[in-house]
Amino acid sequence: VQLQASGGGLVQAGGSLTLSCAASTHIFSYNTVAWYRQAPGTQREWVASISNAGNTYYSDSVKGRCSISRDNAKNMAYLQMTSLRPEDAAVYYCNLFPRSRVRAWGQGTQVTVSS
C-alpha cells in the first residue's frame, strides 16, 4: 500500500480528531493528495484535497470544520477534523486526486462519532 491512513478512533459529537497519511516519496511528490471516506452502505466520497503547492479544497459536508495539510519533507498529509458529527463516522482513506490517479486503496482508518 502506497498511502496509509491512521489516527482514527472514537470521539464524541463536537469533538476533534486528526488523521495522518503516510505515503511513499515517489507517490507523494508533485501529486495532489486527498482524503476520502466511506460510511456503511454508501459509496466512497471525496472529503478534501491538497495540491503539492498547498492549495486546498473541501467538500461542502466538511467545509469550515476540517483542515487538510501536508508536509512534503516527511511525505505526510493530515486531516484535522473539528466539530465532528455522527454523520462524519466512516472509514477514512487517503489517496491521490483526482480519482483517475488513485492508487490501490489501503485499509483506511475508522472514525466513530458518538452522539
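If one computes P(r) from the Cα atoms of region 1-54, what percent of pairs lie at distances over 18 Å? Of all Cα-Cα distances in region 1-54, 45 percent exceed 18 Å. Using only side-chain charges placed at the Cβ, +1 for Lys and Arg and -1 for Asp and Glu, the dipole size of the chain relative to its Cα centre rounds to 200 debye.
Quick note: the coordinates plus some simple rules give every number you see, no bench work behind them. These figures come from a predicted structure and were not determined experimentally. As a convention, Cβ positions derive from the backbone with ideal geometry for all residues, glycine included, and neighbour counts pool all protein chains shown.
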